[in-house]
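Remarks on the structure that follows.
The numbers here are math on the coordinates, done by the rules we state, and not lab data. Treat the numbers as computed from the prediction; the structure is a model and nothing was measured. Note that each Cβ is placed from the backbone with ideal geometry, even for glycine, and that neighbours are counted across all protein chains shown.
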Amino acid sequence: MTSGDGSVDRSHTRPVTDALKLTDVRRRFGRSIALDGLSLSVRQGEIYGFLGRNGAGKTTTLRILTGVLHADAGTVEVLGQQVRRVPVELKRRIGTVSQEQHFYPWMTGDELGRFVSGFYPKWDQQEFLRLAKLLDVPLGKRSLELSGGTRTKLGLALALSPRPDLLLLDEPTTGLDPVARREFNDLVKVIVKERGCTAFLSSHLVDEVQQVAHRVGIIHAGKMRIEGDVPQLLASVRRIRRGPPPVLAPPAPPPINPTQSAPPPVELGPAPAEGFVPVASAPLDVPFPPPGFELVRGDVYRATPETWASAVFPPGTEIDSLNLEDVFLAFARTDAVATAA
Amino acid sequence: MRRLVLKELKEHGWVLAVLFVLFGLGLAGLLSRDDEDGGRFAALQSFLWTFGPVGALVAGNRLVVREYGGKTQLFLEVLPISRLRVAVTKWLFGLGWVWLSGVTAWAVNLWWQRRNTIVSWEDALHALVPALLWLAACWSLCFVAGLLGRHRLLFWSLLGVSVYALEEVAQLELRATPPFHLVSDVLSAANDWPAAVDVLTCVAIIVVGLVTGLVLAVAGEGSIASALSGRMTSRERILSVTVVLGGFALVATLNRNRDRPAFALESVKPTESPVGPIGVLPGEGVSPEQAQGLVERVAVEVVTLVKALDFPRLAGVYVVSQRGLDPDVILRVPLGEKDGVVYRANLADSRFDELNLRYRILHTIISDHTADRALEEDRHWLLDGLATYWTVRGDSEGRAMLRRRAAASPVSLSVESVHRWSETFEAAGDCFGMAISFTLVDAAIDELGEAAVIELAKQTFRKPHKDLRDFFTERSVEGQLHEKGLDFAQLVSRAEAARRNSGAPTDYRGKYELVSQGGGQQKVRFSLERDGAPVMRWRGLSASTGPWQSGVSDSEPTRVDARSGEAMAPATYTSGERLFLAIEVDDAELKCSARVMQAWTVLP
């Protein structure tokens, strides 16, 4: 799955079944709306990057998926079962690593392993020991004495040892140093590849998600704004720059050789800057935006890759490819802040 | 569930062990005095009243508060175990915890009793069943309180206020009320099953506690208990303190305004005066005629004072003659929940100061009516002075005597000494204190007339405030005097001048000296002389006080009755102790016990 340069191999075979499927899920806390018709699907065997700003609804979604909360409306399917609240039987097939590890401070890693193992029939003690060794977690120390990063790694070892079908990761690497973050993410990638399980990674760290995830969903204000494979996402969302009006070239001098072909009637303005996609020449009166395009924010538009390929733009228009962070910003940044900036 | 129980045992086992040791020591102490208390399970009964609730409180704190407050329940939330199962496990574990201590205490008590007496198993169960019910009820309440998180202290406070209100205001005898009755003497005697109503009440508390606790743990997807477990905001803290203090204030107000039953002396047929019954229990050495004479004198003063100040009818005024008391000792009898004024004094002794008794009765009537607000420093002089004045109101000889006493007083009057009236009165003693307070009121009457001074007293000695507005609109005594055209400093100055002109100051010279006994121990030697000659009959008073004490009560000092010019205090004091010292002499001319020396000292 991982190519030689460390990026994700996104050409893996994807089973058709969804490990997670949320349809029009709503959840409110008093007057505050946390999820406002969220829909998403996570396919079995993939790492799904769930991107969103703080307060976008990521943790609420995770808490619904871990069975801590239930949805007010909408349907939630976890590992093929439609549930109102994730039952205990299903929880046994789910491993969870949270942003903060609320372990019993007096328990050692070893004791935590023994305690947690009692709740999972499929607990693999050898695997726990292996993972703890691999992640360099000292099992003899009390969790109180462990650093934040080591506690998170211990959380991952605890979550993976029951060999779960679904791994829920709620901003697990927040606060970790780059090395620990890389170790954590590498292990997740390896485990997903080896075991064929599914990982749902909530984060607001775009680079991390881009490195790890096969597919990405961007949530904002409790709604899914866009979801898809990363390349597909980048092909769907681009910036359109409308350049200066085209300059009419002076009439060409009469050919010395009357047999020479005539020059084109219109020449496009300044040469496209590096990285810009040159646009085919088009009549001046083409509509903007072309049909099938949806304005995301500012000059960022969204359309299917096919629509992008076939669209005709006015002369002088330049198309800018975006990276995942730009896409995330386009969907998650509020207009008010953008205006102020 | 097994894992959870093992976890709880590992987490709290050591606390359980420590508690067991402490409870064991406590039980041993209770068993050792078991024979004095009576009842075969008296030790168990005491254990249940004290250690039972403590054990439940500790269990609630460890099992519930710690889990939620430490947020470790968020760790449990993501594990495949339901919230209900966690809560039920904790409840059962806590129940096991308190029952284990209860059953152990019961078994030890049973073993202890069976060494000497026969206790049937049925009787033993008579004690065990209510004990277990009581402990389960305590635990259920602690479980709920634990789930209330940061509000548990408020819960306990309100419960405390409620219990206090039930006992004080509603006059409920708690030990006879379910569920408390369950651990009453019935349990101690262990010869019958507990009453059905006690059992049902206890079961109701257990069920309500359990259900409420489970609802709190599960409802709102556990968010209620989680939210409650956080720290209090400052607004919540202020609200909690206000609610608790407000509750106590309300109960205290209700209690104060409650009509308490009047005290009555069965052996005395009191005289029915227009303001209430007044009676004297003669006792040995006091003839019925003498008693009746005192009743009449007291009645005249009480009736006129009560009517003059518009006080409501009194519950009763009684004097009990008690031969064993010193003639200068006049003690108020505490009546508990009964209303009335009862004094004990040695009426039969020839040196008994009747004026002092009558002054005290009037003083008490006024201070009781104002709920002791008349004792506040700014008006205390008026209370003392008015009460004294009333005892000699129609008695010119009495007034002359008071003036002579005031003149003899070693304590003089100044604005500062009147503002620090309690200290001044204590330094002067009853005889001189009454006299100088009389001088002040006498001077005020000279300036304003009796009616104006009575009006001043009526305004000053009203019932406690009905609401807060009274507090802000209340006028001070000095302010009222000023409104009537009399400056307070001027009044004091005139009273002092009148005092000096009324006679000669006392010529007693009292002294004390500290006599080292070695090892930091010291004794106090008093001496008294007059005109250079030692005085033969007098008293030295001494009392050790805490640094917080500003005065001593009548019964507090130890006394030495001197028969020569010197006398050694009977008690030995240690270096660093703070002593109150005074010398009093029964003065034939002044006809009272005059305090001729008073001092406070810290032993070097």
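Of the two radii for the stretch B:309-384, the radius of gyration is 0.99 times the Kirkwood radius, both from the alpha carbons; that is the Rg over Rh value. Positive end of the dipole of chain B, charges at C-beta (+1 Lys, Arg; -1 Asp, Glu), about the Cα centre: which of B:Trp390, B:Ala131, B:Phe352 has its Cα farthest in that direction? About the Cα centre, the residue reaching furthest to the positive side is B:Ala131. Protection proxy ranking for B:350-362, B:400-412, B:501-513, using the average of other Cβ atoms within 10 Å per residue and placing the highest first: B:400-412, B:350-362, B:501-513.
Once you divide the Cα radius of gyration of chain B by 2.2 N^0.38 Å, the number left is 1.27. Of the DSSP H helices in chain B, those with a Cα length along their own long axis of 27 Å or more and a mean Kyte-Doolittle hydropathy reaching 0.0 comprise B:2-32, B:83-114, B:121-147, B:196-218, B:234-257, B:288-308, B:421-448. Here the Karplus curve 6.51 cos²θ - 1.76 cosθ + 1.60, taken at θ = phi - 60°, turns the phi angles of the stretch A:197-204 into couplings of 7, 10, 10, 10, 10, 8, 6, 10 Hz, with x standing for Gly and Pro. Panel note: the C-alpha atoms of the stretch A:141-230, placed on their principal axes, show extents of 44, 27, 23 Å (largest first). P(r) tail for the stretch B:401-483: Cα pairs beyond 22 Å make up 37% of the total.
Net charge dipole, the protein assembly as shown: roughly 2660 debye, given to the nearest 20, about the Cα centre with Cβ charges of +1 for Lys and Arg and -1 for Asp and Glu.
Distance distribution P(r), the protein assembly as shown, all Cα-Cα pairs, bin width 20 angstrom from 0: 10, 25, 22, 19, 15, 7, 2, 0, 0 percent.
Summing Cβ point charges (Lys, Arg +1; Asp, Glu -1) relative to the Cα centre of the stretch B:73-202 gives a dipole of roughly 660 debye.
Using the number of other C-beta atoms within 10 angstrom as an exposure proxy, rank B:Met568, B:Met434 with the fewest first.
The fewest-first ordering by Cβ neighbours comes to B:Met568, B:Met434.
By the Cα gyration tensor, the stretch B:27-175 has an equivalent ellipsoid whose semi-axes, rounded to whole angstrom, run 33, 21, 12 from largest to smallest. Measuring between their Cα centroids, the stretch B:377-399 and the stretch B:3-53 lie 59 Å from each other. Dipole of the stretch A:28-141 (Lys/Arg Cβ +1, Asp/Glu Cβ -1, origin at the Cα centre): which of A:Tyr104, A:Gly30, A:Val88 lies farthest to the positive side? So the residue we want is A:Gly30. The convex hull of the Cα atoms of the stretch B:466-604, projected and averaged over all directions, covers 13.1 nm².
Averaged over the residues of peptide A:84-92, the number of Cβ atoms from other protein chains lying within 10 Å of each residue's Cβ is 2. Excluding same-chain neighbours fewer than eight residues apart, the lysines reachable from A:Lys122 by a Cα-Cα span under 18 Å are A:Lys91. For the stretch B:373-519, what does the alpha-carbon gyration tensor say about shape, rounded, prolate or oblate, given a ≥ b ≥ c as the root eigenvalues, a/c under 1.5 as rounded, and a/b over b/c as prolate? Oblate shape, in that a/c is at least 1.5 and b/c is the bigger or equal ratio. Averaged over peptide B:67-79, the number of partner chain Cβ atoms lying within 10 Å of each residue's Cβ comes to 6.
Only Lys, Arg, Asp and Glu count, each charged at its Cβ (+1, +1, -1, -1), so figure out the dipole size of chain B about its Cα centre, rounded to 20 debye. Mind showing how you got there, number by number?
On the way: 64 positive and 70 negative charges, 463 e Å.
That gives chain B a dipole magnitude of about 2220 debye.
Between amide H atoms placed 1.01 Å from N, distances below 5 Å from B:Leu281 occur with B:Val319, B:Val320, B:Ser321, all of them 5 or more places distant or on a separate chain.
With contributions of -39500 (n - 2.57) from each DSSP H run of at least four residues, the per-residue ellipticity at 222 nm computed over chain B stands at -18000 deg cm²/dmol. Taken over the stretch B:432-522, the percentage of Cα pairs per 5 Å bin, counting from 0 up to the bin with the maximum distance, is 3, 10, 16, 15, 12, 10, 8, 6, 6, 6, 5, 2, 0. Peptide A:119-126 shows a mean partner chain C-beta count of 1 within 10 Å per residue C-beta.
Restricting to Cα pairs below 8 Å that are 6+ residues apart, what does the relative contact order work out to for chain B? Please round to a whole percent. This gives 9 percent for chain B. The H on the amide N of A:Gly67, modeled in the peptide plane, is under 5 Å from the matching H of A:Val86, each at least 5 residues off or on a different chain. Residues whose amide H falls under 5 Å from that of A:Met224, counting only those 5 or more places apart or on a different chain, are A:Ser39, with hydrogens built in the peptide plane.
Straight-line reach from A:Lys21: taking Cα to Cα under 13 Å and skipping same-chain neighbours fewer than 8 places apart, the aspartates and glutamates in range are A:Glu77, A:Glu227.
Kirkwood hydrodynamic radius, the stretch A:44-179, all distinct C-alpha pairs: what's the number in Å? Please report the intermediate quantities before stating the final value.
Values: mean 1/r = 0.0634 Å⁻¹.
Roughly 15.8 Å, rounded to one decimal.
The residue among A:Gln126, A:Pro172, A:Gly74 whose Cα reaches farthest toward the positive pole of the charge dipole of the stretch A:66-200, with charges on the beta-carbon of Lys, Arg, Asp and Glu, is A:Gln126.
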